[in-house]
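Chemist: Here it is, the structure, as structure tokens.
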2 protein chains.
Amino acid sequence: MGERKEKAAQTEAALKDAARRQFAERGYLNTKITDITAAAGRAAGTFYQHFASKEDLLQALLADMHGQAGSAFDGDDRPVHDLTDPTQLREHLAVAWGVMRDNRPVMIALFESALADGPGSGALWNRLTADTSMLRAHLEYLRERGQALPGEPALIAAAMGAMLSMLAYALLPVTSVSTGDSGSGYTDMQILDTVSSLLLHGLAGPAGSEPCGAGQSVP
Amino acid sequence: MGERKEKAAQTEAALKDAARRQFAERGYLNTKITDITAAAGRAAGTFYQHFASKEDLLQALLADMHGQAGSAFDGDDRPVHDLTDPTQLREHLAVAWGVMRDNRPVMIALFESALADGPGSGALWNRLTADTSMLRAHLEYLRERGQALPGEPALIAAAMGAMLSMLAYALLPVTSVSTGDSGSGYTDMQILDTVSSLLLHGLAGPAGSEPCGAGQSVP
DNA sequence: GTCTATATACAGATAGAC
DNA sequence: GTCTATCTGTATATAGAC
């Protein structure tokens, strides 16, 4: 590889890295091109030698993510999970949460980008359905297997994705310190426990919590 | 009331009305001041005789909303709902959904505004907790009553709010036609049924769907 | 390939005429 | 009170020197 190309690769990596940091800190929409170049220690004009726009840069980051850490997505999976099984549901949510945590800058950027297109564009709905396609497949499997579900698999999947991604956006801390506690005082485990439990048995809780078949136990 | 003041009031109302339409169509972030004034049939400069900024206008819309339709929020409520009761949960969600539908422009604007502040600001988390304070109160009541809950009331409430508000943003149609079917082919009823059911009994469904107390029924 | 300097575009906000 | 015209600030993107 020529020296010029090597330097270019270094710069490109520095820009991407700076972008990730800026997105995580200030958000995608608030981050200006000059914020990225400044954080990368490069001149403003240099940016356009590597990316056509901020949107283009985001696509590059997305490609990187799918390239390397895609393992977490595909590697784990059996063809289908039984999401009514506590362990499997919890595991599935934990993987999703981990992916969001490990790629927080990109998640933030995609979220903000979709939202900036406005509600009429349907961009957010598209993102939601795309990100929950795997979930939908598992639910469709359950349905074919005869499991009674609360509704359309696609809609349930979207609802679950909405809950998870918005909580991730709101709760995942800026600094990905290894401890795993979030900005608002909730730990990852606490969040996952709550969401898993809520999605598994709802507010009413598991069947065993009240005497079986009892309509109402008066104090 | 003087004639000038009357004209001013008319203009102000026209601006607010145009803003609501624009927010619903293009989203809050994409709407420029000139979009509003143009839609209202007024000159650009006129805007600043009535509002200091777009943010200020949003606050005015919010105040209007709390003023008139606040009835839907306060009027209905007994001190607490038992959210583990199917009817009461469904009713609570239906009211929330209706408020979001009836005030879609403001909801959209608040959502986008909070998101534009970036993830570090905590604006979205604040919005989420504020909008679900009533829900949280109901959950705390249940907890004190001895009900087993999936986790912290505040966290559960936020999770529910996240699901509902994001679905509303993504699914509520641009044109608030009276029929009540959403842009992506789901009806309001379908969405409410699904969400209610999911939040009440989770993916596993009500206790009665499987033989009571059966760990696993092998085919 | 990277830098400095600058051109372009546009949204926010103001000033003065009517 | 409203309008037209304009000023200001800022972000994107390009041009030419090194």
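The values are calculated or read from the model by the stated rules, or taken from the named source; none is laboratory data. Because the structure is predicted, anything quoted here is derived from the model rather than measured. In this analysis, Cβ positions are derived from the backbone assuming ideal geometry, glycine residues included, and neighbour counts consider all displayed protein chains.
Chemist: Do we find a residue being closer than 19 Å to A:Ser196 by Cβ and away from chain B (no Cβ under 11 Å) anywhere in region A:107-121?
Modeler: no
Chemist: Could you give every pair whose Cβ atoms fall below 8 Å, whose first residue belongs to region B:94-114 and is farther than 10 Å from B:Gly27 by Cα, and whose second residue is buried (at least 20 other Cβ atoms within 10 Å of the Cβ) and at pLDDT below 95, counting only separations of at least 6 or pairs across chains?
Modeler: These pairs meet every condition: B:Met100/B:Leu172; B:Arg101/B:Leu172; B:Arg104/B:Leu172.
Chemist: Kindly establish whether B:His81 is modelled with pLDDT under 95 and either away from DNA strand C (no atom under 16 Å from the Cβ) or outside the structural domain of B:Ser196 (by TED's automatic domain parsing) (or both).
Modeler: Yes, satisfied.
Chemist: Follow-up. Taking into account only those residues within region B:29-43 that are surrounded by 13 or more Cβ atoms within 10 Å (Cβ to Cβ) and near DNA strand C (Cβ under 10 Å from one of its atoms), which is farthest from the other protein chains (Cβ to nearest Cβ)?
Modeler: B:Thr37
Chemist: Pull out all pairs, ordered by first then second residue, where Cβ-Cβ is under 7 Å, the residues are six or more apart or on different chains, the first lies in region B:29-45 and is within 16 Å of B:Lys7 (Cβ to Cβ), and the second is aromatic (Phe, Trp, Tyr).
Modeler: B:Thr37/B:Phe47
Chemist: Restricted to region B:133-156, and to residues that are more than 12 Å from chain A (Cβ to nearest Cβ) and under 22 Å from the mean Cα position of the chain (by Cα), which residue is surrounded by the most Cβ atoms within 10 Å (Cβ to Cβ)?
Modeler: B:Arg136
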